[in-house]
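Chemist: Here you go, one structure.
The values are calculated or read from the model by the stated rules, or taken from the named source; none is laboratory data. Here the structure is a predicted model, which is why all the values come from computation and not from measurement. In this analysis, Cβ positions are derived from the backbone assuming ideal geometry, glycine residues included, and neighbour counts consider all displayed protein chains. With ligands, DNA and RNA removed, areas are computed over all heavy atoms of the protein, side chains included. Shrake-Rupley method; radii C 1.70, N 1.55, O 1.52, S 1.80 Å.
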Amino acid sequence: QVQLVESGGGLVQPGGSLRLSCAASGSIFSIYAMGWYRQAPGKQRELVAAITSGGSTNYADSVKGRFTISRDNAKNTVYLQMNSLKPEDTAVYYCNGLKTTGGYWGQGTQVTVSS
């Protein structure tokens, strides 16, 4: 089993920044990719950014140039640095870990961008 715990969400004004963290524990040795997803009210969950065990990254077009995903292998933690936040970034953000046997989700952290 894999446990993923997100933190760092909150309320921020448009143009502001937040950094989300996802701490992984348990049977994490065979996770080959980690990602951040988000789900806004009334919308489907969507991929925001992902990073592989080799360090390759990909981003949704809507966040390119504003968000950066990174990982600290020593701390078993993945980060999402979010800059120039917009009201449309408001959502619950979920951490995801992928193994060949399946995926794991965190409980989510709320990000609200509002003045």
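Chemist: Within region 10-54, which residues are in a loop (DSSP other than H, G, I, E, B), open to solvent by less than 50 Å² (accessible area, probe 1.4 Å) and closer than 14 Å to residue 71 by Cβ?
Modeler: 28, 31
Chemist: What number of residues within region 85-113 satisfy the criterion of being touching a residue at least 24 places away in the same chain (Cβ under 8 Å) and open to solvent by less than 60 Å² (accessible area, probe 1.4 Å)?
Modeler: Result for region 85-113: 19.
Chemist: Considering only residues that are closer than 18 Å to residue 2 by Cβ, over 12 Å from the mean Cα position of the chain (by Cα) and part of a strand (DSSP E or B), which ones fall in region 72-115?
Modeler: 72, 98, 99, 102, 103, 104
Chemist: Just to be sure before I move on: is residue 65 modelled with pLDDT under 95 and at positive phi in the structure I sent? Outline the logic, then answer.
Modeler: Values: modelled with pLDDT under 95: no; at positive phi: yes.
Spelling it out, it is not the case that residue 65 is modelled with pLDDT under 95 and at positive phi.
Chemist: Okay, moving on. Take region 57-82 and flag every residue that is open to solvent by 40 Å² or more (accessible area, probe 1.4 Å) and in contact with a strand residue (DSSP E or B) (Cβ under 7 Å, 6 or more places away or on another chain).
Modeler: Residues of region 57-82 that are open to solvent by 40 Å² or more (accessible area, probe 1.4 Å), as a first pass: 57-59, 61-62, 64-65, 68, 70-76, 81.
Listed by number, the residues that qualify are 57, 58, 59, 68, 70, 71, 76, 81.
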